[in-house]
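Derivation of every value follows stated rules applied to the coordinates shown; laboratory data play no part. Since we're looking at a predicted model, the values are computed, not measured. Cβ: placed from backbone, ideal geometry, glycine included. Neighbour counts: every protein chain shown.
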Amino acid sequence: MEIPGLEGEPAGILTLHEDVTAQRLALEAKDLMLRAIGHEVRSPAAAMKTTLAGIMQWDDTLDPQGRRELLAEAYESSDRLLSLVESQLIIAKLETKHFEPSPEAIELRPALDSVVNVLAHRYTDRMSAVEVKLHDALPNAFCEPTHMAQVLTNLIGNALEYTTGPIKVRARSIPDDWLEITVADSGPGLPAGSLSDLFEKTGPAGRSRPQGGLGLGLYLCRLVVERSFGGRIWVASSTREGTTFKFTVPSVK
């Protein structure tokens, strides 16, 4: 816009600028999330469709055992798909500015038993590797039960899917009414240089893993622990002997 000067001559030009960096970053994050959702959902959805198509095509020739195995595969794919959708809904909820948690006292042992039972449908042959040891005198966790289940399912599920050795789950009381929960595997460790953005949306957790997507599981864990629990989550160690994740949650007697 011209600024008038003397004798009708323009004295200058006024221009308006707007910094759209934040908006651009938000759009890029949204685009990443949509691509991640598509990548994560496509695999179990395609597997379920293929399995059901096989049952329909070969129904007359399938024996009861073969049909049961195919149905089990379809159920596993549908279970994984539902889990992914639920994870995305929780991420969307936790990312809002107005999120308020609704904590309650939960016993850690039954919560872990429930998670292990759910994972047993997906990792039948690997569940013997999971070793849970908890002290009887542990206080209750104080958090939303579904959020605790999400964190435990992601951490234990990752260890089951990407490692082959024992997985140890432990918990202990720490000062100021907190619980510290540990999930340790005996795998080859995380890639060098990956720890800095491991819990971000762009984290590398799934990039080098054919079964995974873009590492949104660990991003979900961080959102839950920080925003719902008010705690923290971190990698305590990662070597060729294994990786140890720890997170904290409030406790109540």
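General observations
- With the convex hull drawn around the C-alpha atoms of segment 104-252, the volume per residue stands at 106 Å³.
- In summary, the aspartates and glutamates within cross-link reach of Lys49, defined as a Cα separation below 18 angstrom excluding same-chain residues under 8 places away, comprise Glu40, Asp59, Glu69, Glu73, Glu76, Asp79.
- Qualifying trypsin sites (Lys or Arg not before Pro) in segment 54-139, where qualification requires a DSSP coil assignment and no more than 10 other C-beta atoms within 10 Å, comprise Lys97.
- Per-residue ³J(HN,Hα) for segment 178-183, Karplus 6.51 cos²θ - 1.76 cosθ + 1.60, θ = phi - 60°, Hz, x for Gly and Pro: 10, 10, 10, 10, 10, 10
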